[in-house]
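A quick write-up on the structure given underneath.
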Amino acid sequence: MIAPKTEKLTPGTVKLACRNVWKLFGKHPERFLAAHDNRPTYEQIREAYYIGATRDVSLEIYEGEIFVIMGLSGSGKSTLVRNMTRLIEPTAGEIIFDGMDLLKADEKTLIDIRRKKMGMVFQNFGLLPHRNVLDNVAFPLEVQGMARFAREEEAEQMIELVGLKGREYYFPRELSGGEQQRVGIARSLAVAPEVWFLDEPFSALDPLIRAEMQDEFLRLQKVLHKTIVFITHDFDEAIRLADRIAIMKNGEIVQVGTPETLLLHPADAYVSEFTQKVPRAKVVSAASVMTPLDSASPIPPTVSPVAADTKIDALIGRFINQQEPIPVVDASERIIGEISMQNALRVFIGEEAATHGC
């Protein structure tokens, strides 16, 4: 099996984690795993006529981050998310949610967690055609047993949050695709979920509407600060939205890292395929291509510094009007390096200028 290359952000609270999660489709998969000491190879799985939808997956998702899972069709990303919620029962492993193994939770506890702590948005919207927008958004609160006035008041707030105020009494057939997806998002947020799962929610939308929904998604996250697990097969979408990305192949995690790590340090050729057409300047940060400097170095009075995470495409305009290198500062505004026009241009033409890590 491939040993995934994993990069962590500054560790925070782990909200959700997978520990050696397997999902094999076939007859008596538990016996098969036990017979192979829970470590069958991809070839052994295929030879035994099993489907290895999720294979020995371990990862951690931090509170408040947008964690994107991506891969080609059939790579196992949707199965993994359904394993996390036990909509599909894993064959083996642990799913840790707030310190509790969901695989050991009884049915009542699991249903309560899904209803009150998890929100889900899927590609096909899943709206109830005979209910208007207000009733669709209020539906999960109705299932919880909330009184009509209270649930409608809560639903109205969610409808306004996603920009559909005035559409409360429209039916799904009277809405555009983007508006229908906003209803789905509002409905999933109505229960105030702690973890928000989105399975390719924008892939069925036209490109312009898709870009609009990505903007809306980022706006909502700035307001709500949810822990988000987002599935996509589109790397452009992933790098725009993600704090970290997990890339899957044949049910395994191949690599986990920030978009910049995946672009500059792909674990293998498979990861490289996802990144080869990505505009590098939109992903690579100043810290990755700067020349390190002593923090005592003076800043020329005419040159304003930039933050270490500033993307290269945001700096090109500065070099049109100045020739001096631009100082780079950390979160404490200490100088840690400088970036020259030559280094910035190398990123644009695709050279591996990032020699100082990322």
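(1) modelled with pLDDT under 90; (2) surrounded by fewer than 21 Cβ atoms within 10 Å (Cβ to Cβ); (3) under 30 Å from PHE235 (Cα atoms); (4) in contact with a Ser or Thr (Cβ under 9 Å, 6 or more places away or on another chain): which one isn't true of LEU264, the others all being true?
Status for LEU264: all satisfied but (2).
Given the conditions (1) surrounded by fewer than 14 Cβ atoms within 10 Å (Cβ to Cβ); (2) of a type in the set (Lys, Arg); (3) modelled with pLDDT of 95 or more, report the number of the one that ARG55 does not fulfil.
(1)
How many residues, within the range 87-107, are in a helix (DSSP H, G or I) and either of a type outside the set (A, V, I, L, M, F, W, C) or over 28 Å from ILE51 (Cβ atoms) (or both)?
2
Of the residues ASP236, ASP199, ASP243, which is assigned by TED's automatic domain parsing to the domain that holds ALA150, within 14 Å of the chain's Cα centre (by Cα) and within 25 Å of GLU142 (Cβ to Cβ)?
ASP199
Identify, by number, the condition in (1) closer than 29 Å to GLY71 by Cβ; (2) in contact with an Asp or Glu (Cβ under 8 Å, 6 or more places away or on another chain); (3) of a type outside the set (Lys, Arg) that GLN221 doesn't meet.
It fails just one condition, (2).
Answer yes if at least one residue in the range 25-45 is assigned to a strand (DSSP E or B) and either within 22 Å of VAL271 (Cβ to Cβ) or at pLDDT 95 or above (or both), and no otherwise.
Of all residues in the range 25-45, those assigned to a strand (DSSP E or B) come to 25.
Narrowing further to those that are either within 22 Å of VAL271 (Cβ to Cβ) or at pLDDT 95 or above (or both): 25.
Yes; the residues of the range 25-45 include at least one that is assigned to a strand (DSSP E or B) and either within 22 Å of VAL271 (Cβ to Cβ) or at pLDDT 95 or above (or both).
Would you pick out the residues in the range 1-24 that are modelled with pLDDT under 95, within 12 Å of ARG55 (Cβ to Cβ) and either β-branched (Val, Ile, Thr) or within 17 Å of the chain's Cα centre (by Cα) (or both)?
Residue satisfying the conditions is ILE2 alone.
With the structure loaded, tell me whether GLN123 is closer than 14 Å to ILE185 by Cα and among the polar types (S, T, N, Q) or whether it fails that test.
On the way: closer than 14 Å to ILE185 by Cα: yes; among the polar types (S, T, N, Q): yes.
In short, yes.
Within the range 289-297, is there a residue that is part of a strand (DSSP E or B) and surrounded by fewer than 16 Cβ atoms within 10 Å (Cβ to Cβ)? Quick ask: steps written out before the conclusion?
To start, the set of residues in the range 289-297 that are part of a strand (DSSP E or B) comprises 291-292.
This time we only want the ones that are surrounded by fewer than 16 Cβ atoms within 10 Å (Cβ to Cβ), so: 291-292.
Looking through the range 289-297, at least one residue is part of a strand (DSSP E or B) and surrounded by fewer than 16 Cβ atoms within 10 Å (Cβ to Cβ).
Charged (D, E, K, R), exposed (fewer than 14 other Cβ atoms within 10 Å of the Cβ) and assigned by TED's automatic domain parsing to the domain that holds LYS226: which single residue out of GLU47, GLU43, GLU30, GLU107 fits that description?
Result: GLU107 is the single residue among GLU47, GLU43, GLU30, GLU107 that is charged (D, E, K, R), exposed (fewer than 14 other Cβ atoms within 10 Å of the Cβ) and assigned by TED's automatic domain parsing to the domain that holds LYS226.
Residue check, GLU200 against (1) closer than 26 Å to LEU102 by Cβ; (2) acidic (Asp, Glu); (3) free of Cβ contacts under 8 Å to residues at least 24 places away in the same chain, all met but one. Which one?
Of everything listed in (1) closer than 26 Å to LEU102 by Cβ; (2) acidic (Asp, Glu); (3) free of Cβ contacts under 8 Å to residues at least 24 places away in the same chain, GLU200 misses just condition (3).
Residue-wise test of (1) over 21 Å from GLY251 (Cβ atoms); (2) at pLDDT below 95; (3) not assigned by TED's automatic domain parsing to the domain that holds LEU175.
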residue	(1), (2), (3)
LEU80	no, no, no
ASN83	no, no, no
GLY126	yes, yes, no
PRO129	yes, yes, no
LEU134	yes, no, no
GLY145	yes, yes, no
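Write out, first by first residue and then by second, each pair whose Cβ atoms fall under 8 Å of each other, whose residues are 6+ apart or on separate chains, and whose first residue, in the range 108-133, is in a helix (DSSP H, G or I) while the second is surrounded by 15 or more Cβ atoms within 10 Å (Cβ to Cβ) and among the basic types (Lys, Arg).
Short answer, once both residue conditions are applied: LEU110/ARG86; VAL133/ARG167.
The values are calculated or read from the model by the stated rules, or taken from the named source; none is laboratory data. All of these numbers come straight from a predicted model, not from anything done at the bench. Please note: Cβ atoms are built from the backbone with ideal geometry, for glycine as well, and neighbour counts cover all protein chains shown.
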